[in-house]
Structure formats: C-alpha cells, structure tokens
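Input: a single structure, listed below in structure tokens.
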Amino acid sequence: MDDQLDIETLVDQHQAALYRFALSLSHNESDALDLVQETFCLWMRKGGQLLDRGKVKAWLFTTLHREFLGRRRRLVRFPHHELTEVESELPEIPPVPADQADRERLLECLARLDPVFRAPVALFYLEEYAYQDIASILDVPLGTVKSRISRGVAQLQEMFHRPLEPSREASR
Amino acid sequence: MTPAEARLTLAAWRPGHASERDPAVNDALRLVRQDPELRLWFEQHARFQRAAADTLQNLEVPSRLREQILARVRVDAPRPWWRQPVLWAAAASVVLLVGLSLWWMPGDRGATFDTFRSRMVRTVIRQYSMDIETSSMAEVRQFLARHQAPADYTLNPGLSRLPVQGAGRLSWRDRAVAMVCLGATNQSTHFLFVVDRAAVKTPPGPVPEFAPVSQLMTASWTAGDHVYVLAASTSLEELRLLF
C-alpha cells in the first residue's frame, strides 16, 4: 500500500512537468504520454536504487530524456550538423510569439531543433532549472549545457524567424 | 565584449532568473545599456524568452493523464517480494492448476461462451462482493479502468435507466471481467458482465439472446469489442423489457 501511495504522490507531483517535457521533446501527444508512463514504470522498477530522495524529480527527468533518446536511436540515426558561426544564427531582430498560432509554430520549431539542443532548451524554458541542474539531468558538463542552450535558443529563434520549409508545409 | 558576443551570452539568459547572474552576463547587460541597437535586440529577445517559457509552461496536460499513468504502472510494476512469497506462489499455482484443469480442460470447452456465462452466473449465485459501491457510473468506469477491466462498455437506454449500485472486477481465463451491479425495481440486483470479445469462443450475436442459467435469467449479446451478459433474478418477460 505504501508503494501505491508513493507512486500516486509522485505522479501527482511530477506528471504535468514530465508530460510537458516529453511533449517538448517528441511533439507528439501519444509519444509524450507513453514516455511519461514508461518513466514511472521505470521508477517502480529501479527507483528504489536512488538513495537521495531529494533527487527524485531530477531522476525522473533524466530517465525520461534517456528513454526518449533511446527510442530515437532505434528509429533513426540522425546526423549531427555542426553549427558554423552561432552568432550569425541569431536573428537581427528576434521574433516574438504573439498568438496561439505562433505558439503552435514555436512548438513545431522546438520539435525540429537539433535533438542535442532540444532537451536543454526545453528544460531551460519549462522548469526554470539552474544550469547546474540541467547539466546534472542531462549528464553533460556545465559549460556544454550553457553552450547548447545558447546555440539552441539561437537556432530556435532563427527557425521561428524564417518561413516554414516547403517540404514541411507540403507534408501537412 | 563585442555586441555579437553579448548577444551570444544573452541568448541563454532568462529574465528574472537570479541564479544565472555571472560576470559575463553582467558585462553583456552593461553593454546593452550603452548600445541602442543592442538594446532593441535585447528587448525583443527578452520578450521571445518570456513568450517561449510561457508557451511551454502552459502546455495543456491530458485530463486523464494521472489515471493512464497509474493504470500502466500497476500493470507493469513488479510486486514487492513480500507480497509474493515463494511458498505462497507455489501453493497457489498448484491449486490454480488443479482448479483450472478441472474447470476448463475437458474437450477444450473451457473458453466457450456458454462456459463463461455459467461461470459468471455461478459466481453471483454462490458468493460475490462488490469491489466498489457507488451510485456513480463514472466512478465505476474509473475503477474498472484502473483495474484493467473493460470500462468502455455501452449501455442501451433500458439499462442506462437502472440505478448503479457498484462494481467488481472478476477474472476469466486470465482476462479481466467487469461486473456492473444495477438496481432493479424489485429490489434485487441485475449483474452486467463485460469481457473482451477475444476472451470467449463462439460469442453471441448482436441481438440479445435470452436463456435461463441456474436460477437466473440471462441476456447475452456482442457489441463492438465486448461480450455482454446480463444476469438477473427475474422473468424472461421482465428482462426483455430492458431491451
């Protein structure tokens, strides 16, 4: 019974944040739901190994992110495009999402963001985590997190700034 | 620091986030105050950051997310060892195997619809208990869904008018069976059993088929992915009135 109470409390506390993170990563409601469910299932199987109960939330986010990456790897091996000059990717005048359509567009841009940048940028906006926390969740050095957030935000703004690619629009 | 470097530094800056104050950010912000062009860029950038954060932090969460998570967790999660001691499991397995072989093995008739119907009727005649007592059909459905029993059953107008008394989760050859208890006008209880269509061989047709089973009158039909059996201590004529 204690386990059930524990899991129900955990779900109550973290389901919304985890779902939003999952949706930011996958841009697909069904996939997001599945990722969140799987994350809590993994908690039931492995959460007992976590000694520091103060790190439950970070554990859940880390696990969800790893699960997402694992699924992506199984689906397709995506090439990593090095950014040439990040400064040039920052638009001269950053656009501002104004209405619901813009917000949808923002989500779509986030989903098209290089996966390396997507998770840190999503955590950056979603949870107001400190850089150190994001680094811990994603298991990368602090400097890498800062760099990925900067580059990711730059990519996001640039993507949001320019028209949708014809192939994307045609596929709708 | 050049304006370009300031923009790069401030790309990862969040308005009002105290923990992100570091010397580079302070230098960049100082330059913002001095450079009108950079200030214009920064104001727009800050608005973008706020809008992006607002958008992501307010993404709509499915209303049944909690139930769906818990349902999956309960199916998936291994039971703690103290809830399944080896001896208990072994003894239960032996009893189950003997019981199952007695009930189901002869002629492989065990999975037929007739056997299912008889088993359900015997269950309520001999002894039954509701796992949940409520007058709310919504609560009944939630309970059944939580316990992986069919919860998306449909009720015709006649059955929908009967007051809900509660529900139970039964089992049939490792398949969950929903038992919905409905109040009848003669103060007795009508029992509606719902199981996945794939769980029984030779399921009934879409039109209710009436038949007495033990001391109860039953109506059976198939709709969608479910097989339904309504069992009641009543006459054929009165049961027909519900359809």
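Numbers at a glance
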| read-out | value |
| --- | --- |
| Ranked packing of B:149-156, A:60-67, most packed first, by mean Cβ within 10 Å | A:60-67, B:149-156 |
| Bridge type composition, chain B - antiparallel percent by DSSP, nearest 5 | 95 percent |
| Between 0 and 90°, nearest 10: helix B:113-126 axis offset from chain B longest Cα axis | 90 degrees |
| Other protein chain Cβ atoms within 10 Å, averaged over every residue that makes up B:60-72 | 6 |
| Phi-based couplings in Hz for region B:23-29 (Karplus 6.51, -1.76, 1.60; Gly and Pro marked x) | x, 5, 5, 4, 4, 5, 5 |
| Helix B:65-76 axis, angle to chain B major axis (alpha carbon atoms, nearest 10°) | 60 degrees |
| Rounded to whole Hz, the Karplus (6.51, -1.76, 1.60) HN-Hα couplings of region B:173-188, x for glycine and proline | 6, 6, 9, 6, 10, 8, 10, 9, 9, 10, x, 10, 5, 8, 6, 8 |
| Average beta-carbon neighbours from other chains, 10 Å sphere, peptide B:40-53 | 6 |
| Sorted peptide list for A:29-38, B:90-99, criterion being average Cβ within 10 angstrom, highest first | A:29-38, B:90-99 |
| Protection-proxy order for peptides B:181-191, A:12-22, each taking the mean of Cβ atoms within 10 Å per residue, highest first | A:12-22, B:181-191 |
| Cβ-based charge dipole, region A:1-68, positive-most Cα from A:Ser24, A:Val11, A:Gln37 | A:Ser24 |
| Cα-based helix-to-principal-axis angle, B:137-146 vs chain B, degrees rounded to 10 | 80 degrees |
| Amide N proximity, region B:184-228 versus B:Ser118 label position 7 Å along Cα-to-Cβ, cut-off under 12 Å | B:213-214 |
| Semi-axis lengths (Å, descending) of the ellipsoid that matches the C-alpha gyration tensor of region B:111-243 | 18, 18, 14 |
| Relative contact order of region B:125-243, defined on C-alpha pairs under 8 angstrom at six or more residues apart (%) | 20 percent |
| Average other protein chain Cβ within 10 Å of Cβ, residues A:19-26 | 3 |
| Long-range tail of P(r) for chain B (Cα pairs > 31 Å, %) | 48 percent |
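Coordinate-derived values only; no laboratory data. Bear in mind that the values here come from a model prediction, so they are computed numbers and not experimental data. Quick reminder, even Gly has a Cβ in these numbers, built from the backbone with ideal geometry, and neighbours come from all protein chains shown.
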